[in-house]
Each structure stands twice: as structure tokens, then as C-alpha cells.
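> Handing you this structure, nothing more for now.
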Amino acid sequence: GEPRSSRQMTENSPLQIFVKAKKKINDIFVEIEDYVKDTVEYMHEIEKHKEIVTSEKVKQSEDFVSKVRGIRDVLSRDHMKVAFFGRTSNGKSSVINAMLRDKVLPSGIGHTTNCFLQVEGSPTDEPYLILEGSDEHCAVDSVSQLAHALCKEKLNENQLVRVFWPRNRCLLLRDDVVFVDSPGVDVTPNLDEWIDKYCLDADVFVLVANAESTLMVTEKNFFHKVSTRLSKPNIFILNNRWDASANEPEYLDQVRRQHQERAADFLVKELKVISQREADERIFFISAKEALQARLAEQGHSISTPLTEGFQTRYFEFQDFERKFEECISKSAVKTKFDQHSQRGKLIANQLKEILDSIYSDAQQLKSEKLVHHKELLDKINYTEKQLMLITQEMKHKIRNMVEDVEQRVSKAL
Ligand code: GDP
């Protein structure tokens, strides 16, 4: 049994747009698959009459079965992907953990993420990880074990470690959201390779910035590169560590305005990915550390740290970010992922219809040819019949004449 509140939350979640669309499009492909299979079966049946279906057409139709299967395979793996970037220690892992409502990724001093970490839902009850280039499932019971596993392996910044986390422990994972945590953009990265390997299929990018400083050139550079490869990427900017502002309440509004303006200028004027009006929906002031603690406390963990002034406002803003993020990622993923599938589905249905149409018109032609042929035959028969009739009449006539002639001669002779 699932608690009612979490059920309701799932059903209202904007992520459901993606989840429902995925289910619907899969149902449509199940129908297309049935339709293609029926067609192939029917073709094998009429293939026996060689004149109607060519083996080429049968082969073409059979190929559609594997094409549809292929699309369904890709479809089942389709997910919504969010990638986190920012300088080391800005709080990328903390944001991910807060969103997952659990300490999934190691964070803090000594736990710098020095490779790419992808967190995705797993149907199993126990978490495990898979290193790039291996099939081996390494069990991880705890964060410290995960951190240890990551340290032990000599991983480089271009490698990917996939963390499979039980779906039933987190709604976002259950709804097919995949999280990617990156090494800090300050650790001499090979940005081009990063982007090609991990970013081209990302639906949303989250820049985790530090509210205690301004946006860095390294952070901006990365997104400049991303937007040359992807047209209008969806970017959120989180000004994290906003709890630090509580120390200087007299500057709070001023600092916030300044960060807001600079971040908006970056997205609107530099990258030109959104309009000024949309900027409020993309820039947030949060504290990932507090949000995670609040969520752990909600789940009954005892948290010792006292609440900082303004916590509630920051926590609301974090939840607001999550909502906007969910809407954005869900719509983007439906558009980029399913648009292709529906185009291909339409193409297959159309091509199959063309084949069937051509078979139908071939059959029609054959039928009318046979009819013509049939008519010629009938005419011949009719003609022969008439001829026969004429001949018999003539014969009868001749015979009658002959009989008369003989009778006359006989009577004369008598
Ligand atoms: P990453 O390297 O970007 O993944 O950063 P981490 O998530 O590992 O965070 C680095 C350190 O900053 C950790 O000790 C976190 O607890 C701390 N931290 C993260 N977010 C916040 C925040 O919002 N406020 C404060 N005060 N500390 C934070």
C-alpha cells in the first residue's frame, strides 16, 4: 500500500504528461504491431496465388515487424534526463539528493564527484551501480559504500558510473527521470567531449551556482558551448547556499536583485534561450542542504541542526523550482523523444497501406483481365452454338430435300 498523499502527488505531477504520453504511444505501437503481424499473415495466405503478391512485397511487410519492435525497444528506454553542472562544492550532489529525498549521492568535503554519475530508477529493491564498460552489478548499501566504491576505482572525468536506485524509494525515479551529476566545470574538463557524450539527449540543464559569489566565466563558458550544439537548451539556474544570506539580512534584497539580474541577462541576452518574461521561472534562490534536511526530517530522521532564519521561504522556493522543473522536463521530453517515434509510426502505417493498396489494385486488375478472357470464351461458345444450329438446320433441310428427291424419283419409276 502506497500512502494516499504520495499517490495524489504522483497523479497531479506534471511528470505525468510524459508518463501518460509514453504509455499511450506504446499502446499505439502495440496496435501497429498487431496490424503489421496480421498483414504479414494474410500475405502468406495469399502468397500461394503467385499472381497477386510478389515475394518482395511480403519481405517488405515482414521487415516492418522488426522495425516496430525496434521502436518499442527504444520507447521503453526513453526517459527524461536532467544534467547538473556547476563548480565543485556549489552543491550539485546536495540538490540531487534533496530532489530524491534521500542521501543517494555522496556530498561534502573529500567527496568531490570526479566522474559523471547517473542516477536512474531500478525495479530491484536493492541499489547497485555499474561502471562504464562493465556489465557487473556492484551492490551499494549505503552512501559511504558508494563513495568508497567511487574512490577505489580510478575513474576519470569522462567516465560514467550508473547508480541504479530502487524506483519505489523515489517518485521522480519511478516516473522515469534520470539525474546526471557532473564533475565540477572548474576541473579542467574536456567540455566538447562532455557535451557530446552526456548532454545531447538532456532535456533540462541545471546550473548550480553559488549565491555567495557571482556566476563564473567557467560556468558561463560551458553553457555557451552547450547552446552551440543544442538549439535553445532548457536551463535552470539555482543560486544555492541562499541560507548564507540570513547572516546579512540588511543586504538580502539587494544581493538577490543583483544575482537575479545577472542570471537573467545571461539566459536572455547572452544565450538568448528564453525571454525576459520567462526568466522568473528559471532562476531560483534555494538551500539544497536545508531542503534535504527538511525532507529527511519529514521522513522521521532526527535532524540536529537548528533551522536558519528564512528557512520556510527558501524551502517553498525549492518546491516551486521542482514544480517548474517538472513541467519543463516533461514537455521537453515528450516533444524531443516521442515526436520522432510518432513520425516513424505514421511512416510505417502509410508504407504498409501503400503495399496493401497496390495488392488490392493488382487483384482488381487480375479479376477484370479474367473477366475479359471469360467474355471472349463465352462469345466463342455462343458463336459455335449458333454455327452448330445453322449447320444442323442446313443438314435437316438437305436431308429433307434428299428424302423428297428420292421419293419423287421412286414414284416416277413406279
Ligand atoms: P558538489 O561538489 O557540487 O556536488 O557539492 P556538494 O553537494 O558535495 O556540496 C558541497 C558542500 O556544501 C557539502 O558539505 C554540502 O553539505 C554543502 N552545501 C550544499 N548545499 C548547501 C547549502 O545550500 N547551504 C549550505 N550552507 N551548505 C550547502
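> Testing Leu296 on (1) at pLDDT 95 or above; (2) assigned to a helix (DSSP H, G or I), one condition comes back false. Which one is that?
(1)
> In addition: Looking only at the stretch 211-229, decide whether some residue is among the hydrophobic types (A, V, I, L, M, F, W, C) and in contact with a His (Cβ under 8 Å, 6 or more places away or on another chain).
yes
> Exactly one condition in (1) within 24 Å of the chain's Cα centre (by Cα); (2) modelled with pLDDT of 95 or more; (3) within 11 Å of the ligand (Cβ to nearest atom); (4) among the charged types (D, E, K, R) is not met by Asp203; state its number.
Single failed check for Asp203: (3).
> Those residues that are among the charged types (D, E, K, R), in a loop (DSSP other than H, G, I, E, B) and surrounded by 21 or more Cβ atoms within 10 Å (Cβ to Cβ), I need them from the stretch 178-209; list them, please.
The one that is among the charged types (D, E, K, R), in a loop (DSSP other than H, G, I, E, B) and surrounded by 21 or more Cβ atoms within 10 Å (Cβ to Cβ): Asp203.
> (1) farther than 25 Å from Ala202 by Cα; (2) within 16 Å of the ligand (Cβ to nearest atom): which one isn't true of Glu56, the others all being true?
That leaves (2) as the condition not met.
> Can you find, within the stretch 281-339, the residue that is farthest from Ser231 (Cα to Cα) among those that are crowded, with 17+ Cβ neighbours inside 10 Å, of a type in the set (A, V, I, L, M) and more than 15 Å from the ligand (Cβ to nearest atom)?
That would be Ile283.
> Based on this model, can you work out whether Asp339 counts as among the charged types (D, E, K, R), within 28 Å of Ser76 (Cβ to Cβ) and assigned to a helix (DSSP H, G or I)?
Taking the combined requirement at face value, the residue satisfies it.
Conditions tested, residue by residue: (1) over 30 Å from Phe205 (Cβ atoms); (2) among the hydroxyl-bearing types (Ser, Thr, Tyr).
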{"site": "His301", "(1), (2)": "yes, no"}
{"site": "Phe316", "(1), (2)": "no, no"}
{"site": "Thr336", "(1), (2)": "no, yes"}
{"site": "Glu354", "(1), (2)": "yes, no"}
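> Which is in a helix (DSSP H, G or I), hydroxyl-bearing (Ser, Thr, Tyr) and either within 13 Å of the ligand (Cβ to nearest atom) or without any contact (Cβ under 8 Å) to a residue 12 or more places away in the chain (or both), of Ser134, Ser94, Ser107, Ser89?
Ser94
> Could you list, in sequence order, all residues of the stretch 228-245 that are among the polar types (S, T, N, Q) and surrounded by fewer than 17 Cβ atoms within 10 Å (Cβ to Cβ)?
Those that are among the polar types (S, T, N, Q) and surrounded by fewer than 17 Cβ atoms within 10 Å (Cβ to Cβ): Thr228, Ser231.
The values are calculated or read from the model by the stated rules, or taken from the named source; none is laboratory data. Computed from a predicted structure; not experimentally measured. A quick note on method: Cβ atoms are made from the backbone with ideal geometry, for glycine too, and the neighbour counts reach across all protein chains shown.
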